[in-house]
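Shown next, in structure tokens, is the structure this report addresses.
The values are calculated or read from the model by the stated rules, or taken from the named source; none is laboratory data. Everything quoted here is computed from the prediction, not taken from an experiment. Here the Cβ positions follow ideal geometry from the backbone for every residue, glycine too, while neighbour counts run over all protein chains shown. Keep in mind that these areas ignore ligands, DNA and RNA; they rest on the heavy atoms of the full protein, side chains included. Shrake-Rupley method; radii C 1.70, N 1.55, O 1.52, S 1.80 Å.
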Protein chains: 2
Amino acid sequence: MTVQQIKYFLELANELHFWKTAEKVFVSQSTLSRQIRSLEDEMGIQLFERDKRNVKLTDAGKFLKEHWSTTIKELDQIHRQAKKIDEGMSGFVSISYPGSITFRFLPKFLETLNSNLPDLKVELTEPTDENHEKLLSDYRTDIAFSRDEISNASIDSLKLFSEPICLVVPNNHWLNKKSLKDFNELQDEKFIISGLHQKTFFASLLRNFFNKHGFEPKTIIESDFGGMILNLVSKEIGISILPLSFKSAKVPDVRFIELDEEIDLYINWRKNEPNKTIKKVIEYVKLV
Amino acid sequence: MTVQQIKYFLELANELHFWKTAEKVFVSQSTLSRQIRSLEDEMGIQLFERDKRNVKLTDAGKFLKEHWSTTIKELDQIHRQAKKIDEGMSGFVSISYPGSITFRFLPKFLETLNSNLPDLKVELTEPTDENHEKLLSDYRTDIAFSRDEISNASIDSLKLFSEPICLVVPNNHWLNKKSLKDFNELQDEKFIISGLHQKTFFASLLRNFFNKHGFEPKTIIESDFGGMILNLVSKEIGISILPLSFKSAKVPDVRFIELDEEIDLYINWRKNEPNKTIKKVIEYVKLV
DNA sequence: CATGATTAATGCGTTTTATGCATTAGTTGA
DNA sequence: TCAACTAATGCATAAAACGCATTAATCATG
């Protein structure tokens, strides 16, 4: 049994047509036919019911389609990770991060990393709705920066720093730290913030913050993208609340007013990570 | 890449000696050498560091040893289950059960099953320390009878029946239902029961029961095996507490005195089980 | 109902890969 | 330095993979 045969099977299970599948996997129809037959013989299990016209999965075939799909995905991830280990400092590492560190922490860290490990490639992803635990356990990322702390027995976490969250206002806005006595003074302001119904950590933090101050913002634009938000604020379309890190984006005509709330940044990685390159990258993170 | 190559790799990873491994997997040393080299070339990963004398796993090799071990075990389980589905009513089903149903429910059920599905083989296991969830999710069992209810999102459970737990005493023992006013009357009795420190459900039930009656038994023999316990009681070595099902064992010179506590029996199976034979067996269980 | 279109299975020749015997080449230990 | 041990390789043979051409079975259509 070869991994290739399993992949032929999975493709045929989707397509249920030998000719079409053969084209898709770049072999002749007769080769595909024989490979599937060979697989059935070796396992002693009939995978498809078929005649000259119809191809159908058997019950066992349906079962294997489901489970082999998972297994092949896992194998691909394992092999990719093994390749990463083999390549070491000349390979690559996957890092996921929240948008809010785009302008300060992350560039500094990547600069440090590049100086010390110039041959190491970095794959950056800014996940939108996957959770970090799954990204790490599936080897889709090797290091996950997050704003919330992850409590999971198979993941190690470390808090890197805290920073204030800020009101973000246009330069000539009437508001400054000294003049803000009560949040209800802002009830006429237009807000450009994350949708408060969302499940992200930052949305949750905003909900808690507003509840604490007994305040309900008038949201006119919902967005998660800090760069976009900063630009809209500078054009005086509305005001926002973002972590102080965004100040480093140096968008003109925008002021940051620190609030009495802080937000953290955590680094997370798989417990007992065997990959020495990832371990070294984590050490460099701690140095930033 | 073939499954066989991965198995060669895993065996060599354990043995770290080509000649010895080749013997174990029934191929020549040169075949093994070429198969491992072929695997390394195809993956573009060095798995072993070796010269003419020493064989050592690389870091990537160590990683793959760990993960491929798991993957191969899963594949074997998947294939076994697929075979089971393919064979249907002429195949086999795995059932795990607690010892306490050996003498009544289980024989009746197996009789029913054999009458209706005479070509179906049944594999019975009485697990000692594995938990049912894992046995089911790993396809090591298809149906798990348990005394405790399993709350798990991927397992369906059904309560089959309740029965009293009983004091089990020798025939000529002074004790009977009417004469037992207070459990402390038994403080001089010698008990033959499960070790109360154990993590089994029945041990837990016994602990709770004794605590409720403010009683601490004088345990002289710790055993989980009902058959053994019954024999020892009949020889007047001590008394015990067991579910009423054991009465059907018809061990002579033993009496069962029902207590005011009941114990349940549950049947558990994988949620959304695709195997029609297992589904049918579950239906027969409900008929008993 | 006959015929043509469609498609999975199979015959056959060629190419590629796997296998094991024999041998080489490198690494120790005495 | 030499012998013992063992992974890698040369080589001949067997087995498997592959694709072209064809067969055989299943419909849809006229």
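Can you pull the one-decimal nm distance between simple spin-label points at residue B:272 and residue B:215, each 7 Å off the Cα toward Cβ?
Result: 4.8 nm between the two label points.
For the stretch A:53-91, state which trypsin sites (Lys or Arg not before Pro) are in a DSSP loop and have at most 10 other beta carbons lying within 10 Å of their beta carbon.
Sparse-neighbourhood loop trypsin sites (Lys or Arg not before Pro): A:53.
For the protein assembly as shown, what log10 I(q)/I(0) values come out of the Debye formula at q = 0.08, 0.12 1/Å, with one point per alpha carbon and no solvent?
Log10 I(q)/I(0), no solvent term: -0.88, -1.16.
In the stretch B:9-51, what residues drop by 10 Å² or more of accessible area when the other protein chains are put back, versus the chain on its own? Use 1.4 Å, and skip ligands and nucleic acids.
Listed by number, the residues meeting the 10 Å² cut-off are B:43, B:44, B:45, B:46.
How big is the antiparallel share of DSSP beta bridges in the stretch B:161-263, given as a percent to the nearest 5?
That works out to approximately 70 percent antiparallel.
Does the stretch B:161-263 classify as rounded, prolate or oblate by the C-alpha gyration tensor (a ≥ b ≥ c root eigenvalues; a/c under 1.5 gives rounded; else a/b over b/c gives prolate, otherwise oblate)?
rounded
With a 1.4 Å probe and every protein chain left in place, work out the accessible area per residue of the stretch A:3-86 in Å², rounded to a whole number.
Ligands and nucleic acids excluded, the figure is 55 Å² per residue.
I'd like the Karplus ³J(HN,Hα) series for the stretch A:155-161: coefficients 6.51, -1.76, 1.60, θ = phi - 60°, whole numbers in Hz, and an x wherever there's a Gly or Pro.
10, 9, 10, 8, 7, 8, 6
Residue A:20 label point, 7 Å along Cα→Cβ, cut-off 14 Å on backbone N: hits in the stretch A:53-71?
Answer for the stretch A:53-71: A:53-57.
Nearest 100 Å² is fine: what is the total accessible surface buried where chains A and B meet, probe 1.4 Å?
In total, this chain pair buries about 2500 Å².
From the residues A:157, A:174, A:145, which one has its Cα farthest along the dipole of the stretch A:137-179 in the positive direction, the dipole being from +1 and -1 charges on Cβ of Lys/Arg and Asp/Glu about the Cα centre?
Toward the positive end, the furthest listed residue is A:174.
Using the beta-carbon distance between residue A:110 and residue A:41 and R0 = 45 Å, what value does 1/(1 + (r/R0)^6) give for FRET efficiency, to the nearest 0.05?
Calculated value: 0.25.
Which listed residue (B:221, B:197, B:284) has the Cα farthest towards the positive end of the charge dipole for the stretch B:186-288, taking +1 on Lys and Arg C-beta and -1 on Asp and Glu C-beta about the Cα centre?
Highest projection toward the positive end goes to B:284.
Accessible area drop of at least 10 Å² (1.4 Å probe, protein heavy atoms): which residues of the stretch A:264-288 qualify, relative to the chain alone?
Output list: A:274, A:276.
Could you tell me which residue out of A:81, B:99, B:209 lies farthest along the dipole of the protein assembly as shown toward its positive end? Charges go on the beta carbon: Lys and Arg +1, Asp and Glu -1, centred on the Cα centre.
Checking the options against the dipole of the protein assembly as shown, the answer is A:81.
Calculate for chain B the 222 nm mean residue ellipticity that helices alone would give, adding -39,500 (n - 2.57) per DSSP H run of length 4 or more and normalising by residue count, nearest 500 deg cm²/dmol.
Mean residue ellipticity at 222 nm (helix-derived): -12500 deg cm²/dmol.
Expressed as a whole percentage, what fraction of the accessible surface of the stretch B:3-86 belongs to carbon and sulfur atoms when a 1.4 Å probe is rolled over the protein heavy atoms?
Heavy-atom surface of the stretch B:3-86 belonging to carbon and sulfur, 1.4 Å probe: 45 percent.
Which sequence of A:142, A:59 reflects their accessible areas, 1.4 Å probe, from the largest down?
A:59, A:142
So for the pair residue B:260, residue A:121, with labels modelled 7 Å out along Cα→Cβ, what separation do we get in nm?
7.4 nm
Report in % the part of the accessible area of the stretch A:111-197 that belongs to carbon and sulfur, leaving out ligands and nucleic acids; probe 1.4 Å.
Ligands and nucleic acids excluded, carbon and sulfur reach 44 percent.
Which chain B residue sits with its beta carbon nearest the axis carrying B onto A, and how many Å away is it, rounded to a whole number?
Reported as residue, whole Å: B:2, 2.
Would you report the distance distribution of C-alpha pairs in the stretch A:204-273 as whole percents per 10 angstrom bin, up to the bin with the largest distance?
15, 44, 29, 9, 3
Give me a comma-separated list of calculated 3J(HN,Hα) values for the stretch A:90-98, in order, Karplus coefficients 6.51, -1.76, 1.60 applied at θ = phi - 60°, integers in Hz, x for any Gly or Pro.
Here the 3J(HN,Hα) series is 9, x, 8, 9, 9, 10, 10, 8, x Hz.
Given a Förster radius of 30 Å and the C-beta distance between residue B:7 and residue B:152 as r, what FRET efficiency does 1/(1 + (r/R0)^6) yield to the nearest 0.05?
0.40
Assigning unit charges at the beta carbon (Lys, Arg +1; Asp, Glu -1) and nothing else, what dipole magnitude in debye, to the nearest 20, does chain B show about its Cα centre?
Roughly 500 debye for chain B.
Rounded to a whole number, what is D in µm²/s for the stretch B:103-219 from Stokes-Einstein with the Kirkwood radius over alpha-carbon pairs (37 °C, 0.692 mPa s)?
Roughly 185 µm²/s, to the nearest whole number.
Per residue of B:80-86, count partner chain C-beta atoms within 10 Å of its C-beta, then hand back the mean as an integer.
Partner Cβ neighbours, averaged per residue: 6.
Dipole size in debye (nearest 20) for the protein assembly as shown around its Cα centre, Lys and Arg Cβ +1, Asp and Glu Cβ -1?
Roughly 980 debye, rounded to the nearest 20.
Give the accessible surface of the stretch A:163-260 per residue, rounded to a whole number of Å², with probe radius 1.4 Å and ligands, DNA and RNA excluded.
Here the residues of the stretch A:163-260 average 54 Å² of exposed surface.
How many percent of DSSP beta bridges within chain A run antiparallel, rounded to 5?
Once the DSSP bridges in chain A are tallied, antiparallel ones form about 70 percent.
Report the net charge of residues surrounding residue B:193, where surrounding means a beta-carbon distance below 10 angstrom and charges are Lys +1, Arg +1, Asp -1, Glu -1.
Residues close to residue B:193 contribute a combined charge of -2.
Might you report the magnitude of the Cβ-based charge dipole of the stretch B:3-86 about its Cα centre, with Lys and Arg at +1 and Asp and Glu at -1, to the nearest 20 debye?
Magnitude of the dipole: close to 260 debye.
Over the Cα atoms of chain A, how large are the radius of gyration and the largest Cα-Cα distance (Dmax), in Å?
26.0, 82
What is the antiparallel percent of DSSP beta bridges lying wholly in the protein assembly as shown, to the nearest 5?
Antiparallel bridges: around 70 percent, rounded to the nearest 5.
Going from the alpha-carbon gyration tensor of the stretch B:3-86, what semi-axes, largest first and in whole Å, does one get by taking the root of 5 times each eigenvalue?
For the stretch B:3-86, the semi-axes come out at 25, 15, 11 Å.
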